[in-house]
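Student: Just dropping this structure here.
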Amino acid sequence: MTAEARTDAPANGGLRAWLLADTVTSTGQARAQKLYLGWRRFSSNPLALIGLGIVVALVMLAVFAPLVATHDPFAQSLDRRLLPPSAAHWLGTDELGRDIWSRIAYGARITLLIVLLVALIAAPLGLLVGTVAGYLGGWVDVALMRLVDVFLSFPGLILALAFVAALGSGLENAILAIALTAWPPIARLARAETLTVRRADYIAAVRLAGASDLRIIVRHIMPICIPSVIIRITLNMAGIILTAAGLGFLGLGAQPPSPEWGAMLSTGRAYMLGSWWLAAMPGIAILIVSLGFNLLGDALRDVLDPRAS
Amino acid sequence: MSLPFISVRGLRVRFGRGANLIHAVDGVSFDVAEGEVFGLVGESGCGKSTILRAISALHTEWTGSVAIGGRPVARRRDPAMARIVQMVFQDPYGSLHPKHTVETALMEPIRIHGLDDGARRIDRVLTEVGLSPAFRYRYPHQLSGGQRQRVAIARALILAPRLLLLDEPTSALDVSVQAEILNLLSDIRRMENLTYILVSHDFGVIAHMCDRVAVMNHGVILEELTVEDLMQGRMRHDYTRELYEASAGYSRRLRARAEDADIAA
Amino acid sequence: MSEAILTVDGLSIRFRTPQGVLQAVRDISFTVGREKVGIVGESGSGKSMTGRSILKLTPPAAEVSARVLRFRDIDLAAADERTMRGIRGDRIGMILQDAKFALNPVQRVGRQIAEAFRIHRSASKAEARERTLAMLEAVKIRNPRRVFDLYPHEVSGGMGQRIMIAMMLIPEPDLLIADEPTSALDVTVRLSVLRILEELVSDRGLGLIFISHDLNLVATFCDRVLIMYAGRIVESLPAPELHRAQHPYTRGLLDSLPRIDARRARLPVLTRDPAWLAA
């Protein structure tokens, strides 16, 4: 009895050939090819991979926090306070005996939540306002841009403080406050791109085909603006993380005993001279993640921005 | 005597306000018969492209009257017009959406009008413009200038319009590609019995494609003449003669005349 | 027979791309004396690269090699950047297609021309200004003092090109390279700009390289014409004899041009023979 031999084309060879094929037979394949070529350009840049690696590490840390944390991040142990980094406590313990490494690991969830929610609120809102204002012009443009001006005229942290003061402290309000300060620059950016694109012949062509303004904005103008928005919001991530850390530092973001990195940094201040690791560890975590997003944003700009050569 | 297919009366287009007011088109009237190729020739800023944009309602702030096939052109968005008049633009590198494949670009008009024979129409127009099916899923940056212009023509044909407005369709193309596209436009016009209004600054292109031509300067039509008259040098206006002779290339005999045309500092 | 101002022998330019080596110019040779030489070709023929390589203004990714690349008695191929800076603008000038891209938008034009003069000659501001005004008159600008104080965006296309010509000619170069200098201009303006260029070139005994895609214009303006295709010079002949061209590419180009005096049902389409690439 012989087993029936199955001859499949090796999956890798088939996929790669499909991605590099000269003759394209579907829109899906065309898009996949474009993504693949973009990925190849992206991955040829070592800094890009470092940035991406850091961001991926953040996500992994957040997702698998329960598995990689060595202790319960909320478990206090007053006889194990202020211990320096050791084999038992990799990053030491804080003033209530909680393991700092575990708090950083769980704190990654909060950082990731802040980053994702702010991006998901600010980017689409800014994109929508910017493209509508830029394309429709007239009083719509004036009204929307004055709204943007109002938000832009406040420094980010001050505006966030004002919102938190009005809405009350807590992580959700902090995220909302930060998102409200993050969307106006995106709107300005989207509007500027829309103003350039609006005069293009391909927009005139689709108007001639009978497209409505809404269709033009969503299907034709937004796709042109999206790469710039992605780049801008990625580069803004560092600032967003720092603003959140600042709010946490001031006690206005996540409330204790939440392991938010900014709050950890704030309480660690008091112990800086004697037990430097309370402040340094969350500080380094903030630094690394901000750096990661900056590198990623720069690399995305090189890949997505057709003007950069 | 049949009614003209296209009738333009007293068309006026103004840009700007007050001190910056420009009369881009200043009272233009002409007729085009069905199946005719009508040329608009002039130098930059004479208003010829602006006329196309007004006729197609891309630009809606004009006065006067324009009628196509007896139907007046509205000064607002009118999707029904898309199935009557379409346009081919000058710059092949700017007339296709950079992020849409050829397929998507051709499907867009079909989707907008909710037609259900999209695949058949796309096959037909791609064959008409001489592009093989291999081009369907390509992005514009993967196509040459001539190929892009073919896609632009295909897109203009997909809703089966009756009038095509051609805004310097070959000015941005290489000489050898220009010949192919001009031949293609001639073939398509015969096959689909279309009417063309062709804008160009190139007298050679005008002479090759058009039946009649209007010469424009500073927003007005100086004269209308048949192409036969043009080629025989039977023009009435000095400006027309100047353009005609200039298109023959540089000539030392034109020195004296060019002195008069010097731009005042 | 005037001596050659520029001698080019075996010039090749190639680019290394991720897809392989791109040969932009393949082993071309020509000379330029006190005459107007036109280089005609379609996009991708290598004509612009050729012009830039003379002044070593090719992109950094370009690899330029030549057996001989000599300007008067200076070996351009071996010249270092310092020598080239002394040559550019002073002994060899370059005119580009659009003055708006070649002029500094935030400086008045008169100042830019005067600066071009003072870079290469130690001269006082007053002398430079006098020379600039004289040059603006030479390019037939009627009110030089007024134009001196204009910004580039305030001048029309034709005047901008004349300003560029003035800027390039004020240091009194020996050779002028013009890359599509009139392509962005209207037909009537084009003629007046060319007329000025012709006068200045013949009055001062300059050599002129006129790069263009417009075969008709080059044939009527220049003394000699070089036709380029895919990086090679496929034909070289005196301008008045262009209609007697032999090479199938030149003939094909000539035939495919729509003519105002002869109407044909279909324009003959140029068919590219791969054999031309091997020439």
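The values are calculated or read from the model by the stated rules, or taken from the named source; none is laboratory data. Nothing here was measured: the structure is a model prediction, and the numbers come from that model. Backbone-built Cβ (ideal geometry, glycine too); neighbour counts: all protein chains shown.
Student: Name every residue in region B:200-251 that is farther than 22 Å from B:Gly45 by Cα, touching a residue at least 60 places away in the same chain (Cβ under 8 Å) and in a loop (DSSP other than H, G, I, E, B), in order of residue number.
Tutor: Scanning region B:200-251 gives a single hit, B:Asp211.
Student: Of all the residues that make up region C:18-55, how many are of a type outside the set (Val, Ile, Thr), within 12 Å of C:Ile227 (Cα to Cα), within 11 Å of the chain's Cα centre (by Cα) and assigned to a strand (DSSP E or B)?
Tutor: 1
Student: Scan region B:148-184 for residues that are at the interface with another protein chain (Cβ under 10 Å from one of its Cβ atoms), acidic (Asp, Glu) and under 18 Å from A:Ala205 (Cα atoms) and report the count.
Tutor: 1
Student: Moving to a separate point now. If you take the residues in region B:148-176 that are part of a loop (DSSP other than H, G, I, E, B) and of a type in the set (A, V, I, L, M, F, W, C), which one is nearest to the chain's Cα centre (by Cα)? Lay out the reasoning, then the answer.
Tutor: Here is the first cut: in region B:148-176, the ones part of a loop (DSSP other than H, G, I, E, B) are B:158-162, B:168-174.
Filter once more, keeping what is of a type in the set (A, V, I, L, M, F, W, C): B:158-160, B:172-173.
Working: B:Ile158: 17, B:Leu159: 17, B:Ala160: 17, B:Ala172: 14, B:Leu173: 15 Å.
Only one residue fits best here, namely B:Ala172.
Student: Step by step: first the residues of region A:199-229, then only those that are away from every other protein chain (no Cβ under 12 Å) and touching a helix residue (DSSP H, G or I) at 6+ places or on another chain (Cβ under 7 Å), then the one that is surrounded by the fewest Cβ atoms within 10 Å (Cβ to Cβ). Which residue is that?
Tutor: Only one residue fits best here, namely A:Ser228.
Student: Taking A:Leu189, is it modelled with pLDDT of 85 or more, surrounded by fewer than 22 Cβ atoms within 10 Å (Cβ to Cβ), in a helix (DSSP H, G or I) and under 22 Å from the mean Cα position of the chain (by Cα)?
Tutor: yes
Student: Restricting the search to region C:231-278, which residues are at pLDDT below 85 and in contact with a strand residue (DSSP E or B) (Cβ under 7 Å, 6 or more places away or on another chain)?
Tutor: Correct list: C:Trp276 only.
Student: Here is a further query. Take the conditions touching an Asp or Glu at 6+ places or on another chain (Cβ under 9 Å) and buried (at least 17 other Cβ atoms within 10 Å of the Cβ) and apply them to B:Gly39. Does it pass?
Tutor: yes
Student: Then there's this: Assuming C:Asp223 fulfils every condition listed in (1) more than 13 Å from chain B (Cβ to nearest Cβ); (2) in contact with a strand residue (DSSP E or B) (Cβ under 9 Å, 6 or more places away or on another chain) apart from one, which condition is it?
Tutor: In the conditions (1) more than 13 Å from chain B (Cβ to nearest Cβ); (2) in contact with a strand residue (DSSP E or B) (Cβ under 9 Å, 6 or more places away or on another chain), C:Asp223 misses (1) alone.
Student: Out of everything in region C:250-269 that is hydrophobic (A, V, I, L, M, F, W, C) and either facing another protein chain (nearest Cβ under 7 Å) or more than 19 Å from B:Leu173 (Cβ to Cβ) (or both), what residue ends up being surrounded by the fewest Cβ atoms within 10 Å (Cβ to Cβ)?
Tutor: C:Ala265
Student: Within region C:175-198, restricting attention to residues that are facing chain B (nearest Cβ under 9 Å) and acidic (Asp, Glu), which residue is surrounded by the most Cβ atoms within 10 Å (Cβ to Cβ)?
Tutor: C:Asp186
Student: Ok, one more. Looking at B:Ala67, B:Ala24, can you tell me which residue is assigned to a strand (DSSP E or B), touching a strand residue (DSSP E or B) at 6+ places or on another chain (Cβ under 8 Å) and closer than 22 Å to A:Ala209 by Cα?
Tutor: Answer to the check: B:Ala67.
Student: Which of (1) touching a strand residue (DSSP E or B) at 6+ places or on another chain (Cβ under 9 Å); (2) within 16 Å of A:Thr267 (Cα to Cα); (3) surrounded by fewer than 17 Cβ atoms within 10 Å (Cβ to Cβ) does A:Trp90 not meet, given it meets every other one?
Tutor: (2)
Student: Another one. How many residues does region B:70-96 contain that are assigned to a loop (DSSP other than H, G, I, E, B) and within 13 Å of chain A (Cβ to nearest Cβ)?
Tutor: 14
Student: Got at least one residue in region A:178-185 being in contact with a Phe, Trp or Tyr (Cβ under 8 Å, 6 or more places away or on another chain), in a helix (DSSP H, G or I) and polar (S, T, N, Q)?
Tutor: Yes, some residue in region A:178-185 is in contact with a Phe, Trp or Tyr (Cβ under 8 Å, 6 or more places away or on another chain), in a helix (DSSP H, G or I) and polar (S, T, N, Q).
Student: Moving to a separate point now. Any idea which residue in region B:126-147 is nearest to the chain's Cα centre (by Cα), counting only those that are within 13 Å of chain A (Cβ to nearest Cβ) and among the hydrophobic types (A, V, I, L, M, F, W, C)?
Tutor: B:Leu143
Student: Here is a check on your reading of the model: is C:Arg204 at the interface with chain B (Cβ under 10 Å from one of its Cβ atoms) and either surrounded by fewer than 22 Cβ atoms within 10 Å (Cβ to Cβ) or under 16 Å from the mean Cα position of the chain (by Cα) (or both)?
Tutor: no
Student: Check A:Ala245 against each of (1) in contact with an Asp or Glu (Cβ under 6 Å, 6 or more places away or on another chain); (2) more than 30 Å from B:Gln149 (Cβ to Cβ) and name the one condition it does not meet.
Tutor: Condition not satisfied by A:Ala245: (1).
Student: Take region B:185-231 and flag every residue that is within 12 Å of another protein chain (Cβ to nearest Cβ), charged (D, E, K, R) and under 15 Å from the mean Cα position of the chain (by Cα).
Tutor: The answer is B:Asp202, B:Asp211.
Student: Another question, if that's okay. Within region A:124-147, can you find the residues that are assigned to a helix (DSSP H, G or I), surrounded by fewer than 22 Cβ atoms within 10 Å (Cβ to Cβ) and of a type in the set (Gly, Ala, Ser)?
Tutor: Of everything in region A:124-147, those that are assigned to a helix (DSSP H, G or I), surrounded by fewer than 22 Cβ atoms within 10 Å (Cβ to Cβ) and of a type in the set (Gly, Ala, Ser) turn out to be A:Gly138, A:Ala143.
Rundown of residues vs (1) assigned to a loop (DSSP other than H, G, I, E, B); (2) at pLDDT below 90, yes/no style:
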{"position": "B:Phe38", "(1), (2)": "no, no"}
{"position": "B:Ser44", "(1), (2)": "yes, yes"}
{"position": "B:Thr50", "(1), (2)": "no, no"}
{"position": "B:Thr63", "(1), (2)": "no, no"}
{"position": "B:Pro98", "(1), (2)": "yes, no"}
{"position": "B:Thr104", "(1), (2)": "no, no"}
{"position": "B:Pro109", "(1), (2)": "no, no"}
